[in-house]
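Notes follow the structure.
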Amino acid sequence: GEISEKTWGEGFVTPGGNTINTMLVKPLSLTREMNVLDLSAGLGGRMRSTTEETGAYITGLEPDAGIAARGMDLSMKEGKGRHDPIRHYEPSRLELDRQYDCVLARETFYRVPDREAFYAVLAKHTKSQAQIAFTDYIVDPEHREHPSILMWKGNERLANPQGLVETVET
């Protein structure tokens with residue numbers, strides 16, 4: 001996390017920082033009355049920035065336990081542990097305890113082993129007019145056997161990206 005932070009900015013473990021945050025979040029018109037679920041919380045920089053701008057309550061989930069712990073420490077240090085909590089989760093066993101108005105995810109779904117079960121849990125825990133904003137890796141079926149894709153999947157054990165049509169249909 002610390003190396004990524006030095007590369008991508010304080011509170012961030014992926015490129016894009018607040019630029020990507022603005023692109024994903026601004027169209028959602030979040031307000032302080034909304035509960036948001038972030039499935040790719042990282043160190044929470046995006047969450048804390050969004051809370052500052054909108055007042056929305058954001059629950060952050062992060063699949064990397066070490067990054068989740070450090071992200072929660074950062075939220076606590078900024079006095080936002082209650083408003084922007086971050087905890088570790090296993091995408092293969094998603095468990096939620098409340099209803100959300102919005103779901104955010106960056107490069108998350110491509111490595112979820114059972115997407116149908118994962119999406120079923122999300123559907124059960126989102127309000128009827130909930131919004132979702134996400135980015136993900138997509139590889140169309142005709143390119144799945146390309147050597148570079150096979151090498152990537154060999155190095156990232158859980159990588160199993162869908163194609164565009166599959167993503168839309170799921």
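Go through the range 52-170 and tell me which helices (runs of 4 or more DSSP H), entirely inside it, have 1 or more residues that are free of Cβ contacts under 8 Å to residues at least 12 places away in the same chain and aromatic (Phe, Trp, Tyr).
Helices (runs of 4 or more DSSP H) meeting the threshold: 147-155.
Restricting attention to the range 126-170, which residues are modelled with pLDDT under 90, surrounded by 15 or more Cβ atoms within 10 Å (Cβ to Cβ) and either more than 17 Å from Arg106 (Cβ to Cβ) or in contact with a strand residue (DSSP E or B) (Cβ under 7 Å, 6 or more places away or on another chain) (or both)?
Listed by number, the list holds a single entry, Thr135.
Give the number of residues within the range 104-116 that are of a type in the set (A, V, I, L, M) and open to solvent by 50 Å² or more (accessible area, probe 1.4 Å).
0
Report, by residue number, each residue of the range 28-62 that is among the β-branched types (Val, Ile, Thr) and open to solvent by 10 Å² or more (accessible area, probe 1.4 Å).
Thr31, Thr51, Thr54, Thr59
The values are calculated or read from the model by the stated rules, or taken from the named source; none is laboratory data. Keep in mind that this is a model prediction, so the values were computed, not measured. Neighbour counts are summed over all protein chains in view; Cβ atoms, including those assigned to glycine, are modelled from backbone coordinates with ideal geometry. These accessible areas exclude ligands, DNA and RNA; they are computed on the full protein's heavy atoms, side chains included. Shrake-Rupley method; radii C 1.70, N 1.55, O 1.52, S 1.80 Å.
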